[in-house]
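Right, one structure below, let's go through it.
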Amino acid sequence: MKLSDILNSASKPLYSCEFFPPRTDKGEENLWNCLKELQAINPAYISVTYGAGGTTQDRTKGIVTRIKDETGLSPVAHLTCVGASKDELATLLADYRAAGIENILALRGDAPEGMDRFEAAAGGFSYATDLIAFLREQGDFSIACATYPEGHPESKGGVADDIRYLKMKQDNGADCAITQYFFDNETFFRFRDQCEKAGITLPIIPGIMPVGNFEQIVRFSSMCGAVIPAWLHDKMTPIQRELDAVKAMGIELAAKQCRELLEAGAPGLHIYTLNKPEATIAIHRQIKDLL
Ligand SMILES: Cc1cc2nc3c(=O)[nH]c(=O)nc-3n(C[C@H](O)[C@H](O)[C@H](O)COP(=O)(O)OP(=O)(O)OC[C@H]3O[C@@H](n4cnc5c(N)ncnc54)[C@H](O)[C@@H]3O)c2cc1C
């Protein structure tokens, strides 16, 4: 089903999940088991990342096609500008159309490994705003985009830049935005208010990262610019070697965060699953009265 139709017809907030394409057969088997388990909570859509830095791209196509054909879930294929010319992107989008894939999360992407900053490919795009405009010309896709309540690490003008570019993404044809993960809801609420003042009307769906391994989240956050607040450090640092305790605490904190977001009118929640179903299902269980 198209993302725009899912969003327009929703009478309650949406609960959706993100996966990455595994690199091994065992990882792939784990992914399908995970998706089977998640069917019990009927996620509104499943998004599949497009190899960070331009890797695992073919796997994204294979996985979203299989999700559509075999699970009855609605897939969203992430797509980046990394390493691809317009012609190459057009070929991939033709494949998606032929496979009946209707939803694309359009991103610029990050620099591939070994490069210290993003550079557009020859004949390619420099920004997600351009990719979104191109996607609109390429067929009847429903388009999601990314946004950053704490500011994208490369945004020279801080969050104000991100709001300006989000408005451009909306004007160029994005149907909704999914945020980078954050841990302090106040940041999201401030961002949402500023977006509203800037004329942004598309649904802004908070991205939620349940902490399952604190050291890993500290590492991710240093790369993507997400802030780890002092209160989270204080809770996690004393238990960080006890993985079961971290996971349990991660679920409790994420469920509390999700509840507060939904009670304050968030149109949905997008869970970064890291290809593990347990936290996603446990959080859903705790907030299902609001979904
Ligand atoms: C929900 C979500 C999903 C993601 N999925 C993936 C994935 O599958 N694969 C992957 O590799 N990465 C993924 N990422 C990471 C993303 O690729 C990086 O954050 C990347 O650095 C920026 O991508 P973007 O689409 O937000 O870029 P853009 O919106 O293009 O922004 C990049 C930078 O350029 C600036 N900018 C934006 N538009 C313009 C413009 N028109 N003119 C001048 N400056 C501009 C922005 O301020 C920002 O600093 C994801 C991120 C999120 C939040």
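Sparsely packed loop sites in region 192-291 (the GluC sites (Glu not before Pro) outside DSSP H, G, I, E and B with at most 12 other Cβ atoms within 10 Å) comprise 242. Checking every one of the trypsin sites (Lys or Arg not before Pro) in region 204-260 against DSSP loop status and a limit of 14 other Cβ atoms within 10 Å picks out 241.
Give me log10 I(q)/I(0) at q = 0.12, 0.15, 0.20, 0.24 Å⁻¹ for region 200-268, Debye formula, one equal scatterer per alpha-carbon, no solvent. These q points yield log10 I(q)/I(0) values of -0.36, -0.55, -0.87, -1.10. Counting only DSSP H runs of at least 4 residues, each contributing -39500 (n - 2.57), and dividing by the residue count of the chain, the helix-based mean residue ellipticity at 222 nm comes to -15000 deg cm²/dmol.
Note on 246, 218: ascending count of other Cβ atoms within 10 Å places them as 218, 246, the fewest first. Just the C-alpha atoms of the chain: what Rg/Rh do they give, with Rh taken as the Kirkwood radius? Using only Cα positions, Rg/Rh for the chain is 0.93.
State the antiparallel share, in %, of DSSP beta bridges confined to the chain, rounding to the nearest 5.
0 percent
Dipole check for region 70-199: with +1 at the C-beta of Lys and Arg, -1 at the C-beta of Asp and Glu, and the Cα centre as origin, the magnitude is about 360 Debye.
Look at the alpha carbon pairs under 8 Å that are at least 6 residues apart: their mean separation over the length of region 69-222 gives a relative contact order of 19 percent. Largest GNM mean-square fluctuation among 138, 240, 216, using the chain with Cα springs under 10 Å: 216. Ranked by how many other Cβ atoms sit within 10 Å of their own Cβ, fewest first, the residues 47, 155, 222 fall in the order 222, 155, 47.
Read the figures in this text as sums done on the coordinates, not as results from a lab. Keep in mind it's a predicted model, so treat the numbers as computed, not measured. Quick reminder, even Gly has a Cβ in these numbers, built from the backbone with ideal geometry, and neighbours come from all protein chains shown.
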